[in-house]
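Here's the structure we're looking at; comments come further down.
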Amino acid sequence: METTLQYALQRSVFGDMLASKQLFQHKMADMVSEYNLALLGCLHVAQHMDNGTATPEMISLVKRNSCHKALVIARTCREIFGANGISEHYDVFRHMCNLETVSTYEGTHDIHSLILGAHVTNHRAF
C-alpha cells in the first residue's frame with residue numbers, strides 16, 4: 001500500500017495528482033480498513049495463543065480472512081497502477097503473485113471455509 005500511495009502522489013492524471021482523486025482515496029480507505037481489521041483479528045488470536053485458549057477454528061478464521069484480504073488489497077494496488085501494475089518497474093504484480101502462493105501454503109480458502117462451516121453447523125462436510 002505504501003508503494004501505491006507513493007505512486008499516486010507522483011502520478012498525474014488529467015492534470016491532477018492521482019492521490020487527489022475520489023476513487024483512489026476510496027480504494028485506499030478500503031485497503032487501510034481491511035488491513036487494520038485483519039491485523040486486529042490476528043493480534044486477538046495471537047493473545048489467545050499466548051494464553052493457551054486459541055482454537056483451530058480461530059486460527060482458520062484469521063488465516064482465511066488475512067490471506068483473502070491481502071490478495072484483494074494486492075489486486076487493488078495492481079489495479080491502481082494500471083498497465084504499470086504488470087510491468088517490471090514496480091513490484092506490485094510480484095507481490096500479488098506471491099500472495100497467491102501464500103493462499104496455497106496457508107491452506108486454501110475453501111479448506112478453512114470447511115473447518116469454519118463444520119464448527120458453525122456442528123456437521124463436518126469432509
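Read-outs throughout are calculated quantities, based only on the coordinates presented, and are distinct from any laboratory measurement. Bear in mind that the values here come from a model prediction, so they are computed numbers and not experimental data. As a convention, Cβ positions derive from the backbone with ideal geometry for all residues, glycine included, and neighbour counts pool all protein chains shown.
What the table below lists for this structure:
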quantity	calculated
Counted residues, segment 82-116 - those being over 17 Å from the mean Cα position of the chain (by Cα), part of a loop (DSSP other than H, G, I, E, B) and of a type outside the set (Asp, Glu)	3
Evaluation of ILE115 against (1) within 25 Å of HIS26 (Cα to Cα); (2) hydrophobic (A, V, I, L, M, F, W, C); (3) surrounded by 18 or more Cβ atoms within 10 Å (Cβ to Cβ) (one fails), failing number	(1)
Scan of segment 1-12 for residues that are more than 14 Å from THR76 (Cβ to Cβ) and either in contact with a Pro (Cβ under 6 Å, 6 or more places away or on another chain) or surrounded by 13 or more Cβ atoms within 10 Å (Cβ to Cβ) (or both), ordered by number	ARG11
Enumeration of residues in segment 46-58 that are in a helix (DSSP H, G or I) and touching a His at 6+ places or on another chain (Cβ under 9 Å)	PRO56, GLU57, MET58
Some residue of segment 31-38 being in contact with a Phe, Trp or Tyr (Cβ under 7 Å, 6 or more places away or on another chain) and touching a residue at least 40 places away in the same chain (Cβ under 8 Å)	no
Selection from segment 13-34 of residues that are crowded, with 17+ Cβ neighbours inside 10 Å and closer than 15 Å to ARG75 by Cα	PHE24, LYS27, MET28, MET31, GLU34
Scope segment 1-36; condition touching a helix residue (DSSP H, G or I) at 6+ places or on another chain (Cβ under 8 Å), within 23 Å of LEU99 (Cα to Cα), in a helix (DSSP H, G or I) and not acidic (Asp, Glu); matching residues	THR3, THR4, LEU5, TYR7, ALA8, PHE24, LYS27, MET28, MET31, TYR35
Residue count, segment 77-126 (criterion: in contact (Cβ under 8 Å) with a residue 60 or more places away in the chain and either within 30 Å of LEU9 (Cβ to Cβ) or polar (S, T, N, Q) (or both))	7
Given (1) assigned to a helix (DSSP H, G or I); (2) touching a residue at least 40 places away in the same chain (Cβ under 8 Å); (3) over 30 Å from LEU9 (Cα atoms), index of the condition VAL62 fails	(2)
